[in-house]
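Asker: Take this structure, written in structure tokens, and hold onto it; I'll ask about it next.
Bear in mind these aren't lab numbers, they're just calculated from the coordinates by the rules spelled out. It should be emphasised that the depicted structure is a prediction, and the values quoted were computed from it without experimental measurement. When we count neighbours, we look across all protein chains shown, and the Cβ atoms used for this are built from the backbone with ideal geometry, even at glycine.
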Amino acid sequence: MSDELECHPLADLFPVMEGADFDALVADIKANRLRDKIILYEGKILDGRNRYRALRALGVDPEAIREQCCRTIGCIDAHHGGPAAYVISANIHRRHLTAEQRRDLIVKVIKAQPQKSDRAIAKQIGVGNKTVSRARATVSGDTVEKRVGLDGKARRQPAKKASKPTARKDKARTEAPPAPRCSFCRKCQDEVELLIGGGGHFICNECVDLCVDIIRRRKEAAAPLNGPQPKEPAKPKAPTPPADDGLDIPTTHASQAV
């Protein structure tokens, strides 16, 4: 068996077919033969690695694939914008990419063509230039001084300015946090015996004593109004008649006195 054909690194810009999609490709090539030839660049598969895998799944020898199913385009650099541009142009419209796969593609294209502007890459892939700009921000080591725009002109990129910390941030970093104070009398922790904190607020022992005294005085002032009402004086009871001692002594009335 001949040596397997090697895939060009730029062919990895797009994910390989798997599962039902790959099975459908194998069945189509088996029924209708290969329609689009495999493109080689620098002796490696630049476009068509899924077709190559399908042919190998059908048992076709690599040498036969090289002789009958491959062709080399010598004008890729001159007329197709380079190998990366060719791969994107040949695959972007024939593939259904998920949102995650499209983001990965944008990052890979930026790494493969860092000299291209965001607008040029956006038009090439079919996305917005702001999407490309956000993806470029995640790519480390992007230090290209000039980028080629849609008009083919190279423009120098503005130097990135180092962010200067503001005076407020410097002050916050150098100064210690302020000492806690009573939220009522504003006395510092060192000026009182005890400082009680909770919920971002503080109260000292002196203010606690003052509050207790205010509450006590208000209770005392409200006591006559809210306390029990005075009782009415008791009425005098009628005299109790003397007990009967058994003697029949007539009672002397004041009217009988002479």
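Asker: Modelled label-to-label distance, ALA64 and CYS211, 7 Å Cα→beta-carbon offset: nm?
Answerer: Taking the two extended label points, one gets 9.4 nm.
Asker: Regarding the range 97-156, what whole-number volume in Å³ per residue does the convex hull of its Cα atoms give?
Answerer: Output value, Cα hull per residue: 73 Å³.
Asker: Report, in listed order, any pair from LYS187/LYS219; LYS30/LYS111; LYS30/LYS108; LYS37/LYS153; LYS108/LYS153 with a Cα-Cα distance greater than 26 Å.
Answerer: Long pairs (Cα-Cα over 26 Å): LYS187/LYS219; LYS30/LYS111; LYS30/LYS108; LYS37/LYS153.
Asker: Provide, as a two-decimal number, the C-alpha radius of gyration of the range 9-77 over 2.2 N^0.38 Å, N being how many residues it has.
Answerer: Expressed relative to 2.2 N^0.38 Å, the Cα Rg reads 1.10.
Asker: Can you compute the FRET efficiency between LYS111 and LEU150 using 1/(1 + (r/R0)^6), with r the Cβ-Cβ distance and R0 = 30 Å? Round to the nearest 0.05.
Answerer: The formula returns an efficiency of 0.90 here.
Asker: Fewest first, what order do CYS75, CYS69, CYS182 take by the number of other Cβ atoms within 10 Å?
Answerer: If I rank by nearby Cβ atoms, fewest first, I get CYS75, CYS69, CYS182.
Asker: Give, as a single signed number, the net charge of other residues whose beta carbon lies under 9 Å from the beta carbon of ARG155, with Lys and Arg counted +1 and Asp and Glu -1.
Answerer: +4
Asker: Skipping prolines and chain starts, which residues have an amide H placed within reach, meaning under 5 Å, of the one on ILE38, given they are 5 or more residues away or on another chain?
Answerer: Answer set, sorted by chain and number: CYS70, ARG71.
Asker: Next question, about the same structure. Using a Förster distance of 25 angstrom, determine the FRET efficiency expected from the C-beta separation of GLU4 and THR98, and round it to 0.05.
Answerer: 0.30
Asker: Got the relative contact order for the range 7-161 handy, in percent, Cα pairs under 8 Å and 6 or more residues apart?
Answerer: Reported as a whole number, the value is 18 percent.
Asker: Then there's this: Rounded to the nearest 0.05, what FRET efficiency do ARG35 and SER89 have when you use their Cβ-Cβ distance and R0 = 22 Å?
Answerer: 0.80
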